[in-house]
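Below is one structure, written out as structure tokens; comments come after it.
The values are calculated or read from the model by the stated rules, or taken from the named source; none is laboratory data. Bear in mind that the values here come from a model prediction, so they are computed numbers and not experimental data. Cβ atoms come from the backbone with ideal geometry, glycine included; neighbour counts cover every protein chain shown. Each accessible area value is taken on the protein alone, full model and side chains, heavy atoms only, with ligands, DNA and RNA left out. Shrake-Rupley method; radii C 1.70, N 1.55, O 1.52, S 1.80 Å.
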Amino acid sequence: MVSINYSAREVCCKIVYYGPGLSGKTTNLQYVHEKVPGNTRGDLISLATEADRTLYFDFLPINIGTINGFAAKFQLYTVPGQVYYNATRKLVLRGVDGIVFVADSQPDKMDENIESLANLEENLREYGYDINDIPLVLQYNKRDLPGVLSVEELNAKLNPRGVPTFEASATLGKGVFDTLKLIIRLVLDKAKNSNKNQRKPVTAASLSKEPAASPPVSPSAQPVPVTPVKEPSAPPAAASPSPAPVTPAPKPSPQPQPQPVSAAASAAPQPQVASPAVATESPQAATVGVAPKTKAPVAGTKPQPAQPAVSNPDGEAYRPYPGSTTGKIKQPVTSQEQSTASVTGGVRPATQTQLEKSNEHIIPQQQQDSDHVPIMAPSMRRRAEKKKRGFFKRLFGIK
Amino acid sequence: MSEDSLILYEEEIKQIEKIISKLLKGAEAKCGLLVDKDGHLITRQGFTHSLDTTALAALLAGSFASTKEIAKLVGEPEFSVLFHQGKKDHIHMSLVGERSILVVIFDDRTTIGMVRLCAKEAATDLTKIFEQIKENSKASAQPSISGEFADGAQDKLDDIFQD
């Protein structure tokens, strides 16, 4: 499904190149990567074996620029073609928007083509997709080789659905762009006709202030046929795109305080672990969310008061990342400071002498306890108490 | 598709970012990403400027997906937490709701225990938000892209994809 992010103003589509092993799926991506200008594409990531056979997938992101205020992004994936890798092949199909089936035109590869196409249909079905419902383009590859089957023969065996086909030679680049352009067109056409769009990858840097003041993506004019597969929850009413879907108006304002939806809470009702003071005590924690926003916290940009030391289970104090909080390196904190901070809610404690000067009865019992060594064997404790008594006796001249 | 579609608007993204920021502060982690299982990046916070977050999102989603299959093979429905340990940097991934993955990248300034604790709290908060979003998206009509956009894209494609 085409993912539309109103916040980041992005439209993102996932296109998968499918086909039997060695049919040229990765070569397609390599050609695109090679020919497309560097500013419109990302790096080609290939999860391949030592022998350059695709192990999991190849991934090539393409950003063709801004259209009507929305950045159009396409993510091209290939699957491992070998039969052996069906488990991983299936995973790549998750959330697919359009498929290019790359068939090998050589006669002895025909069985593999047919088998792979059947496998595609089966894998799609497992995700609840219908191959007839997903934009699909057939690419007859390796047309430059001698003795290849004719397009008619290939069509007869591979294209009973009558989907668009292209002759191609991926190594030479012939037909590669034509295929890609057509599948993108089909994907966008389908999204246009579909009443559902969704997700929203957000590049934090591009967050706009308002969701979509000037709707670049306007509601499609035509009545939207409810897509066949999709979730049953799509109400029929949704078939008629309501006015200005992009504006904040139609959106039921989600209150940040959701009443806990108990029924749907199936998703990980994680027990709220009683967090140590660390997680809750920081006075900054409440204010962090808004500040960094789109950009990574930069050193020294946030004038914030010294935060209480955060300790790890080992009792050590951390230095924050340079600039991540206060912009200054935090000095190691003594255990005295830590224990006091946890009691006084993050207020930097008085120095030891100040504490001594102050009336002892004002200091919470907890704090007094925390000043002492907490755990001690009984014999050691007795010895320590005896020693302390001796000290006070000497101090006050008691015989 | 077999799943509900999901629309996130600005204010929801802000709520999500706030939670992730809080997580980063609490756990003293470097950066946090929220990725959906399809490989799309939802949002990111922290020191991400030096990262190729698009590729990262796709690979992390792939990693999570393959681990899910491994879980099935050993009789588990899903592994809800993944941890990759490196020499300097480590990655903690945890499932949020049914379709998102919370990724935290951290180094030795903090500990896995702290990250795990904070991530768990954040995941609980995020799950609530996603449930709210799900409710809202059911109630609202869902927009689609316009023909104008598709035509514009086609023109761009002709410009860019030239042999």
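Report the paramagnetic label zone for A:T49: residues of region A:86-106 whose backbone N is under 15 Å from a point 7 Å from Cα along the Cα-to-Cβ axis.
The answer is A:86-89, whose backbone nitrogens lie closer than 15 Å to the label point.
Can you list the HN-Hα couplings for region A:103-111, worked out from phi with the Karplus curve (6.51, -1.76, 1.60; θ = phi - 60°), rounded to whole Hz and with x for Gly and Pro?
My calculation for region A:103-111 gives 9, 8, 7, 6, x, 6, 9, 4, 4 Hz in order.
What is the distance, in nm, between label points placed 7 Å from the Cα along the Cα-to-Cβ direction at A:D111 and at B:E11?
Here the answer is 6.2 nm between the modelled labels.
Assuming R0 = 22 Å, can you tell me the calculated FRET efficiency for the pair A:A87 and B:V81, based on Cβ-Cβ distance, to the nearest 0.05? Provide the component values of the computation, followed by the final result.
Details: r = 22 Å, r/R0 = 0.98.
E between A:A87 and B:V81, to the nearest 0.05, is 0.50.
Can you pull out the buried accessible area for chains B and A, both sides counted, probe 1.4 Å, rounded to the nearest 100 Å²? Provide the component values of the computation, followed by the final result.
On the way: alone 10790 and 24140 Å², together 25430 Å².
For chain B against chain A, roughly 9500 Å² becomes buried.
Just to verify a number: what accessible area does A:F391 come out at with the full protein assembly present, 1.4 Å probe, Å² rounded to tens?
Its accessible surface works out to 100 Å², give or take rounding.
Among B:A153, B:A123, B:A57, whose mean-square fluctuation peaks in a Gaussian network model of chain B (Cα, cutoff 10 Å)?
B:A153
Using the Karplus curve 6.51 cos²θ - 1.76 cosθ + 1.60 with θ = phi - 60°, work out ³J(HN,Hα) for each residue of region A:177-183 in order, rounded to whole Hz, and write x for Gly and Pro.
Values per residue, Gly and Pro as x: 5, 4, 4, 5, 4, 5, 5 Hz.
Report the full-extension gain for the segment A:A384 to A:R125: residue separation times 0.36 nm, less the Cα-Cα distance, to one decimal in nm.
Values: separation 259, 0.36 × 259 = 93.24 nm, distance 7.39 nm.
Difference between extended and current length: 85.8 nm.
Can you give me the long-range amide H partners of A:A71? Hydrogens built in the peptide plane at 1.01 Å from N, cutoff under 5 Å, separation of 5 or more residues or another chain.
Here the answer is A:E10, A:V11, since their amide H atoms fall under 5 Å of that of A:A71.
Which one of B:I16, B:I101, B:I112 has the biggest mean-square fluctuation once chain B is modelled by GNM with Cα springs under 10 Å?
B:I112
Could you give the spread of the C-alpha atoms of region B:10-160 along their three principal axes, from largest to smallest, in whole angstroms?
The principal-axis extents, from largest down, are 50, 38, 37 Å.
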